[in-house]
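The values are calculated or read from the model by the stated rules, or taken from the named source; none is laboratory data. Bear in mind the structure is a predicted one, so any value in this text is a computation, not a measurement. Neighbour counts run over all protein chains shown; Cβ positions are idealised from the backbone, glycine included. Calculation scope for accessible area: heavy atoms of the full protein, side chains included, ligands and nucleic acids excluded. Shrake-Rupley method; radii C 1.70, N 1.55, O 1.52, S 1.80 Å.
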Amino acid sequence: MEEVPHDCPGVGSAQAGRGASCQGCPNQGLCASGAGAAPDPAIEEIKEKMKTVKHKILVLSGKGGVGKSTFSAHLAHGLAEDENTQVALLDIDICGPSIPKIMGLEGEQVHQSGSGWSPVFLEDNLGVMSVGFLLSSPDDAVIWRGPKKNGMIKQFLRDVDWGEVDYLIVDTPPGTSDEHLSAVQYLAAAHIDGAVIITTPQEVSLQDVRKEINFCHKVKLPVIGVVENMSGFICPRCQKESQIFPPTTGGAEVMCQDLKVPLLGKVPLDPRIGKSCDKGQSFLVEAPDSPATLAYRSIIQRIQEFCSLRQPKGENLVGS
């Protein structure tokens, strides 16, 4: 389909091809005929493209501001420390792309070749793609409806030339919206290893994580586990731990026990994490002895173990 109008109702809508916003759209006849609701041929194209990607991991969160993109970035950094491991980091947070800043790649641009878009490489074995690379300024607002976001995610998955990759990490926006459904739908046939869900200890965050886990069950997306971020603060002088965000209902640990999902680990607060992200540096390198770094490394190892044990079983995710 050609470029959709800004306020497109979507091909699955009863108003497809008939709404006021459809007037003058080059796809109007296609949508009105119902052909637009047929299985997207891009699903098979993406499946073919993803044959060179061994493991695919979605990073989810119920709320914004819990450290999801920070975790995605450091998962990529940690995996890429092994020079023999090829890592790709895809940022599909269309309206709030923070990966370019966290990875120290602000101002970089995407180049196109005969084999598709070339990711921006931080290291020889760590490639990054984000809508942030397509904006003229990091302050530009992306004001898109669902169909246009969907088209961008499709293009990222189908047209980016990742090459041979061991791990594709997909950093998503908070919640369970169009972007998540699109990612699951397009990657379903290509086999997703699972999702890592990020939370903070307080109930207001856990409440939305329960919804996120429910979303994963509904679309048959395996849950690799939950990471509790900002899990206490260890004073660098006296080594005493304080609960900045008190786990009033038991935190992620009790929630994981109740829902029978793995708790991958707890990452304590460390002000140097924020500083490293603002500078575009790897916190794992900047503060190798921090309790937070040790927690990150333990979590990364558990994710690697999960992926190495998981083999494709031919199960169908929603939309496949």
- Quick one: which strands (runs of 3 or more DSSP E) sit completely within the range 100-216 and have at least 1 residues that are touching a residue at least 60 places away in the same chain (Cβ under 8 Å) and of a type in the set (A, V, I, L, M, F, W, C)? 165-171, 194-199
- Query: If GLU106 satisfies every condition in (1) modelled with pLDDT of 95 or more; (2) of a type in the set (Asp, Glu); (3) open to solvent by 20 Å² or more (accessible area, probe 1.4 Å) but one, which is the exception?
  - Reply: (1)
- Item | Flag if VAL120 is farther than 24 Å from GLY64 by Cα and of a type in the set (Val, Ile, Thr) | yes
- Note on the structure: Considering the range 289-301, residues that are modelled with pLDDT of 95 or more and surrounded by fewer than 17 Cβ atoms within 10 Å (Cβ to Cβ), and then whichever is farthest from the chain's Cα centre (by Cα), we arrive at LEU294
- Message: Cβ-Cβ distance below 7 Å, separation of 6 or more or different chains: which pairs start in the range 268-279 with a residue that is without any contact (Cβ under 8 Å) to a residue 12 or more places away in the chain and end on one that is assigned to a helix (DSSP H, G or I)?
- Response: SER276/PHE283; SER276/GLU286
- Query: If you go through the range 151-164 one residue at a time, do you hit one that is exposed (fewer than 15 other Cβ atoms within 10 Å of the Cβ), in contact with a helix residue (DSSP H, G or I) (Cβ under 9 Å, 6 or more places away or on another chain) and acidic (Asp, Glu)?
  - Reply: yes
- Note on the structure: Of those in the range 196-228 that are open to solvent by 10 Å² or more (accessible area, probe 1.4 Å), of a type outside the set (D, E, K, R) and in contact with a Gly (Cβ under 7 Å, 6 or more places away or on another chain), the residue nearest to GLY67 (Cα to Cα) is VAL223
- Considering every residue within the range 116-139, establish whether at least one is open to solvent by 40 Å² or more (accessible area, probe 1.4 Å), among the aliphatic types (A, V, I, L, M) and at pLDDT 95 or above. yes
- Query: Does ILE57 fit the bill of being in a helix (DSSP H, G or I), crowded, with 19+ Cβ neighbours inside 10 Å and out of contact with any Ser or Thr (no Cβ under 6 Å at 6 or more places or on another chain)?
  - Reply: no
- Note on the structure: Of the candidates ASP270, ASP278, the one satisfying the condition of being in the same structural domain as ILE99 (by the TED database), open to solvent by 60 Å² or more (accessible area, probe 1.4 Å) and among the acidic types (Asp, Glu) is ASP278
